[in-house]
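Step one of this worksheet: look at the structure below.
What follows draws every value from the coordinates through simple rules; no lab data is involved. Here the structure is a predicted model, which is why all the values come from computation and not from measurement. With ideal geometry, Cβ positions are generated from the backbone for all residues, glycine too; neighbour counts draw on all protein chains shown.
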Amino acid sequence: MDYFVTGGTGFIGRFLVGKLLDRGGSVHVLVREASLDRFEALRKRYPQAAERLHAVPGDLGRPRLGLADADVDRLKGRIGSFFHVAAIYDMGASAESQQVANVEGTRHAVQAAQALEAGCLHHVSSIAVAGMYDGAFSEDMFEEAGKLEHPYFKTKHDSEAVVRKECQVPWRIYRPASVVGHSQTGEIDKIDGPYYAFKVLQKLRRLLPPWFPLVGLDSGRFNVVPVDYVVDAMDHLAHLPGQDGECFHLTNPEHHSSGELMNVFADAAHAPRFALRLDPKVLSFVPAGLSATLAKLPPIKRIGATIMRSFGMPPGASALFNWNTRFESRMTRKALKGSGIECPKLETYAHRLWYYWETQLDPDLFIDNSLEGNVRGKLVIITGGGTGIGLATAHRLAGAGARIVICGRTVEKLEEAQKSIQASGGTCHIYQADLADMEGCDRFVDQVVADHGPVDILINNAGRSIRRAIEYSYDRFHDFERTMQINYYSPLRLSLRVLPGMSERRRGHVINISSMGVIGPPPRFSAYIASKSALEGWTRCAETEFADRKIHFTNINMPLVRTPMIGPTKAYDYAPALSPEEAAEMVVDAIIHKHSRVATDMGKFQQVWNLISPKSYAAAMNATFRMFEDPHEAKDKKPALEAPKEPSSEQVAMASLLKGVHY
C-alpha cells in the first residue's frame, strides 16, 4: 500500500517521509505550486528512493485539499495510510492564518482521505489541545481541556475535534510535545519553543564566566521531545494493528520547569547556570485583579512585547510560562514496548541542539555583520574628523563605501585629511565649522543636507579635555563652561538638527564618542567627565523616545587613545593607550551591532566596581590621584626650566595596571 502525506516537505514531515520510504512503498506528498523547490530538495534528501516519491499538486486551504479529479481517481484505494502533518506550529502566527491552516486544513484533509478511501487517517495533533489544563492530562482526555484562549491552543483543539467528529475513515491521533531537533544531529529548521532561550544564554555566556551564579524564575512545566523520537514512534504506532480510534502522547516522561530547562541548555552552551530559581508565587502578594488590570494596560503590554522580542520570542509565547499541564503517556509507552523506541533524556542530546543552532540558525549568522553592508552609500558626518579618532574612523568608513563628511576649524587639516581619504579611494567632503557656535552648528548641518541629502549617521567625535584637579579650578569656572560648550551643547545641537530627518525616514544612528571616565569617574577630569555625562544622559533619554522609530543611539566609552588631545600630558607618555585605528574599531562595532554602549573590559570592570562599592572605588582612585603629581601644583613648586622628573617604577606599574584609565 502507498502513503499520502500533507506537510511532507516540513520539518516533521521530511523525517516521516524518510521512515515511510524505508518501508518500501511509494509516498505521495501534497505540494503547493510555490513549494515545488522544497519537494525537489526532499527528493535529493532521499536519492535512493526518489523514484518512489511523488508530488501531488494541492493546497491545504482548498476543499478536498484541491486535489484534481484525475489524481483522486489514480490514487483511490491505493492509500493505506494518510498522514496529515501539515499545520501552523507557531505561537506568533495570526489567529486567522491558524484557523485556515489548522482547522479548515484538517477538515480538507479529512475530505481528501475519504475521497481516496484511505485505510486510516493519521492526524498529527499537539499537546496544545489540553489548553491551560492544571494537572495530569491523559491520552483518553479531550473535552476536559483547560482554557483555550491562545489561537494556537484553540485551533489545535478544534482541528482534533474535526477528526473525531467528521472523519468517516478509521483514524489515529498523535500529540507530540514541543518538538526540537534530531537527537543525533541536532537538525531543525526554525527557532521555536526552547530555542527562544538560546540567544539569552549566548549573551550571558559572552558577558559572564560559566561559574557565575544567576537568579531567575522557575515557572511552567515544559515537555520536550526530539524529532527522531516523534517520527520513529509515529511510524511504529501507525503500523501497529488494532490501534484505530486511539490517541497517543508522543511526550517525554520527564517534564522540566523553565529554570530546569534553562540550566540544561546552559550546561550545553557552557553558560552560567541559574543557581537560584524563584517560584513566581513569591509575587502572590499582588492582588490577582490588580496584576490582570496592569497586564492589559497598553504601556505594560508594549514593554512586555518589547522584552519578548529582544529575546526573539513572539509575545504570545509568554503564555507557556503559566502552562502547568503534565502529560501522561502510559498507552503510548505500552504500545511501544519491545520496539526499542523511547524518548531520550534531554541532557544526553542538548549539546547537539545547541551546536546546530549556533552554527546554522543563530539569527546573528544572517545579519550583515560587514561594515560595508551597514554603511555603503550612506551619508556619515564625523565631527573633528581632521585628526585622531575622527580621521581614523573616516578612513575606515570611507573604505567601506560610506560618503564621509568631516568638519573642523582648521581648513589645512581638513584638506590634508580629505586628500588622504581620497587617495585611498574613499569619498570625503570637508566643511569648516566652529562647533562652539550654536548657530554655526545649524548652518553646518543644513548645508550638508542641502549638498548631499539626509544624514544617516552622526558621529559626535569633536571634544575638549581639561586635566586639572578641582582644587586648582576654584577660579577657573570658564574651564567648565568651554568643555560643556563643545562636549555637550555642540553634539546636542547637531543631534537635534539631524533627528527630524531621521525620524521622518524612521532610521538613523547617533554615535557619541564619550569617555571611560563616565562609567568609572577618575580624578582631575571633573569638567570633562561632567560634560560627557550630560551628553550620555540626554542620549539615554533620546533612545527611549525614538526606539519605535528605528533610530539608534550609542555612547562609546573610550579609554585613553594616543591622539593629539593627550599629547600635552607627559604622564601619559608611558601609559597604555589605544591607537586611533583601534579606537575606530570601537566605532565600527557600534555601527554594525547598534549597541547602546560600547566599552572596553576595563571600563565594564570599573562600572561594576563603582556600582557595587562606590566608596572603595573612590578610595582606589584617590590613591592613584595622590600617586601622580598634579602638573599645576608642580608649576608652582619648580622653576620653569627644570626638566620633568622621570616616572617612578610604582607609577609605571600603576599606569600599566589601569589600562586605558584616565588619571
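Summary of computed values
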{"read-out": "Total formal charge among the other residues, if their Cβ is under 12 angstrom from that of residue 483, Lys/Arg +1 and Asp/Glu -1", "value": "+4"}
{"read-out": "Euclidean distance of C-alpha centroids, the range 453-483 and the range 325-382, integer Å", "value": "48 Å"}
{"read-out": "Derived scalar couplings ³J(HN,Hα) [the range 447-462; Karplus, 6.51 cos²θ - 1.76 cosθ + 1.60; whole Hz; x for Gly, Pro]", "value": "5, 4, 5, 5, 7, 10, x, x, 8, 8, 9, 10, 10, 7, 9, 4"}
{"read-out": "Under 5 Å, built H, 5+ apart or other chain: amide partners of residue 524", "value": "470"}
{"read-out": "Loop-located trypsin sites (Lys or Arg not before Pro) in the range 110-190 whose Cβ has at most 15 other Cβ within 10 Å (DSSP)", "value": "190"}
{"read-out": "Cα-based reach from residue 154 at 20 Å (exclusive), listing aspartates and glutamates while leaving out same-chain residues under 8 positions away", "value": "90, 96, 104, 134, 139, 140, 143, 144, 166, 192"}
{"read-out": "Environment charge at residue 181 (Cβ cut-off 11 Å; Lys +1, Arg +1, Asp -1, Glu -1)", "value": "-2"}
{"read-out": "Calculated FRET efficiency for the pair residue 208/residue 409, C-beta based, R₀ 35 Å, to 0.05", "value": "0.20"}
{"read-out": "Positive-end residue, the range 99-187 charge dipole about Cα centroid, Cβ charges, pick of 133, 99, 173", "value": "99"}
{"read-out": "Long pairs among 203/550; 44/203; 147/199, criterion Cα-Cα beyond 25 Å", "value": "44/203; 147/199"}
{"read-out": "Check: the range 2-366 dipole with +1 on Lys, Arg Cβ and -1 on Asp, Glu Cβ, in debye", "value": "640 debye"}
{"read-out": "Karplus-derived 3J(HN,Hα), 6.51/-1.76/1.60, for each residue of the range 370-375, Hz, glycine and proline x", "value": "7, 5, 4, x, 9, 10"}
{"read-out": "Cα shape, the range 87-186, gyration tensor, a/c 1.5 rule", "value": "rounded"}
{"read-out": "Segments 594-606, 65-77, 362-374 sorted - mean Cβ within 10 Å per residue, highest first", "value": "594-606, 65-77, 362-374"}
{"read-out": "Under-5 Å amide H pairs with residue 219, H placed in peptide plane, nonlocal only", "value": "258, 259"}
{"read-out": "Under Karplus coefficients 6.51, -1.76 and 1.60, residue-wise ³J(HN,Hα) of the range 503-512 in Hz, glycine/proline x", "value": "5, 5, 8, 6, 6, x, 8, 10, 10, 10"}
